1. Would you calculate, for chain A, the mean residue ellipticity at 222 nm contributed by helices, counting each DSSP H stretch of 4 or more residues as -39,500 (n - 2.57) and dividing by all residues, to the nearest 500?
2. Once neighbouring chains are kept in place and the probe is 1.4 Å, which whole percent of the accessible area of the protein assembly as shown is contributed by carbon and sulfur?
3. Check which residues have an amide H placed less than 5 Å from residue A:323's amide H, if you skip close sequence neighbours.
4. For the charge dipole of chain A, defined by +1 on Lys and Arg C-beta atoms and -1 on Asp and Glu C-beta atoms about the Cα centroid, which residue among A:190, A:345, A:79 has the Cα displaced farthest towards the positive pole?
5. When chain B is modelled as a GNM with alpha-carbon springs shorter than 10 Å, which of B:32, B:236, B:103 fluctuates the most?
6. In whole angstrom, note down how far apart the Cα centers of region B:29-89 and region B:117-176 are.
7. Under a GNM of chain A (C-alpha, springs under 10 Å), which listed residue has the highest mean-square fluctuation: A:319, A:103, A:133?
8. For residue B:64 and residue B:148, what does the FRET efficiency come to when R0 = 56 Å and r is the distance between their Cβ atoms, rounded to the nearest 0.05?
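The values are calculated or read from the model by the stated rules, or taken from the named source; none is laboratory data. Note that the structure is predicted; figures quoted are calculated from it, not measured. For neighbour counting, all protein chains shown are included, and Cβ atoms are generated from backbone atoms with ideal geometry for every residue, glycine included. Remember, those area values only see protein heavy atoms, side chains included, never the ligands or the DNA or RNA. Shrake-Rupley method; radii C 1.70, N 1.55, O 1.52, S 1.80 Å.
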Amino acid sequence: MDNDEKDSIDRRSFLQGTLAALTLSSCANAETKKGSGAAFIKDPTESQMASRKVGRSEVAIVRAQSYEEDLFGLMKASLSKMPVPDFKGKHVLLKPNMVEYEEGYPITTNPAVIKAAVKLFDYLGAKKITVGEGPGHMRDIDMLLAKTGIGKALKELGLPFVDLNLDDVVKVPIENGFTNLKYIFLPKTIVEADAVVSMPKMKTHHWVGVTLSMKNLFGVIPGRKYGYPKNLLHIKGIPQCILDINRTVKPALAIVDGIVGMEGDGPVHGTAKNSQVLVLGDDLAAVDATCARIMGFTPHDFDYIRVAGKVIGNIEQSEIDLFGAKIEDVVQNFEPSITFKDKSLLVNADQQAS
Amino acid sequence: MRLETKFLPMLYEEALSRIKQSRRKTQEYLLANFKNGGWGYHLGNQPATEATAWCAISLRNGPSYIKDEVNQFLLENQNADGGWSTGPEIGNSDWTSGPAILALRLLNRSDKAQVVDERIEKALSKAFIYLFDSRVDFFGPTARFVIFLWKGQQGLSYGRGWPWTPGCFNWVEPTSYNLLALRVPSLPSPGVYREVIEHANKFFIEHACSAGGWNHGSERALGVKLPPYTVTTAEALLVLQDLKEHSAVTKGLAFLDSVSEAHPSAMSLAWAILARCAHGQKPIKEVEALLNNQNEDGSFGSNFMVTGLASTALSIFADDNPFIFSELIN
C-alpha cells in the first residue's frame, strides 16, 4: 500500500478496521495475546508463606577492587565471621550465569569468581564440586564456555561441567506454586546435588528489574524440555517462576559477582558498572535484597523480591545481619532498566522472553 | 546429490581422504556409544530423541542394525498425538519432534524414493499431523473468521512458526528443525504442506535481525534491537533455500560470512557448513576448522548430538547431501 492509498482510507474502512481489531483482540489465543498479565504477582497465601525461613539472615559484603585480587582469601575471611551451611562431604553444584555471550558486555559470571568459589568449597570440605548451567538464549555451550573463559578455568581446575539444558531430567512437583504449573522438569544433577550454589552477575534486567541470585536459577531449567528461551516459564510469568524455582530447588548459598556488574539495559546489553563487591549468604532473598540496596534500589522496587520476603526469606534491613563492608560504603547508583522507569511496558509487551 | 569438494584448499583427494577418515573415526565412536536403541546427549545419559536423531542421520549409510534399532526406538516413543518428547516418558510432545521426523525420513528412504515400511509410513502420517497442528497461531477460530471476512484468504497467510513447547510463541530453532523435517525431498502428499511451508518462510522473514541473520527469534526487545547468532542464522538459512534472492537471506549469508573465522565450536561450524553449502557457497575455513576440532576418539566434544551433527555436516562431501532443495515443495 502506498501513501496515496493510505490517505484515501474512508470512514467506512476505518470503522471496519477498528471493529475487526477489537474483535481480533478479544479472540486472540489466550496464551499468545499481548500482555499475558503475568508481570505482577498476587499476594501469597498462608500455605505459601508457611515455608518461609524462620529467624534472622546473615549476608557478607566483600569488597574486591578487581578480579586479580585473592578472591578466595577474601571470601574465606568473610565467611569465617558468620555462620555458613555445612558443606563437608557434600556434592556442591555451582551455577554461574552464562545466559549469552556478546563481545564487550559483562554478561556472565567472571571465571575468577568461579575459580575462587571452587577453592572455597574445597576448603569447606565439599566431597565433589561440579559447575553447571543451562544458558537461556544460546544452545552452543562449547562456544559459550570458550568465549567466556569459563571453559578454560574449569580445564585448569580439572572440574566437570554439566550442560543443565541437556542433562537427564526428573519430574518434580511444585507445591503451593505461584504459577499454575503442577510440576517442573529439573536436571538430574540439580536434583541429586547436595547443595546448589547460585553464582549470578549483579545486573539490571529489563523484564524483572534486577537479576541476582534468585533469578539466576532460571538457568537450571532444562532447555531440552522448555526451549531456548524457556518460553513456557516466561508465559507463566518470570516473577512467579523465579519464586517457584527457588522454593523447589532450595539453593544452599549465593555468591554474587558484583565486582563488575551491569546497569541500564541488562541483562545483556547494559553498561559495565565497576561496583567492586561480592555478596554472599545462604538466604537468597536476603542476598538479593542486599544487592538491590547496593545497586541503589530498595528490595520493594521489585515484585519478586518483595514477595520473596514473604515466602522465602528476609528482605528487610532490620532482619539481616551484615558482615564485611557496610552498604553505605559500597552503594552504587545503577542506571535502572527501561521497565523500571515505565512499568506499562511490561503490561503491553508481546512477550517476556529476551 | 554429491557436493563438489574441489574448493577445499587441500588437494581434492587429500581433503576427501581426511573427511572419510574423520567420519570413520566418528562412526566407530558413535557405534561404541549406541545403547538402548539410541544416544543420550552425554555419556551415561538416557537416550534422547534429538541426540538419537542426529547420530542416526550421520550413520544413515552405516550398519543396518542402527537403522532398525533407531526406527524401533522412535516408533516406541512416538506419543499418541504423533509427536515426540525430548526422551522416553518425559511429558508431552515438543520441539524434538522435528529431528525425530527428519531421522525417520532420512533413514528410511531408499534412493530418494518415499518411505516404504508401513509402520514408518503410519508413524510419519501421524507425525505430519502433529507438525501441522502444533504450529503457533496468534488468532483463534473466531478471529481467523473475522480476518477472512475482512481481508479474504490472503489475510490468513501470516507468518507461523513452531514453538519449543505447544501453546507458546514461535521461535527460530524449533521452526528450523520442523521445517527441515518437512523440506527434505520426497515429502509424501507435498501439496498439503505448501501453505505450512509458506507461512514458516514468512515467519523467518518477519523475525530476521535488521543487521542480517537471526537470533533465537526476537529481532528486538522493548524497543532495543538484538543481534544475530551464528547457529540460529545458519539453521534459518538452511531451510530458506527457495528464497535465495530475498534480502533477509543475502543479509543472513553476509552475516555468516562475517563470522566465519569466529566460530569456535563444532556446533557452529557444522550448521554453518550445511547452510553455506545449501546456498552454493564454499565453507573452506569451516570445513578445515571442523576437521581440526575432532578429538582423538572421533568425537567433536562430549555432546553426542553435536558429534552426530558434525559428522552429518562432513558427510555431505563424501556421501549424499539430503539437505538440498530449491523449490517450495521438493
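1. Computed ellipticity for chain A at 222 nm equals -9000 deg cm²/dmol.
2. Percent of accessible area from carbon and sulfur atoms in the protein assembly as shown: 50.
3. Distant-sequence amide H within range of residue A:323: A:59, A:60, A:61.
4. Of the options given, the answer is A:190.
5. B:32
6. Result: 26 Å between the Cα centres.
7. It is A:103.
8. On the way: r = 50 Å, r/R0 = 0.89.
Taking R0 as 56 Å, the efficiency between residue B:64 and residue B:148 is 0.65.
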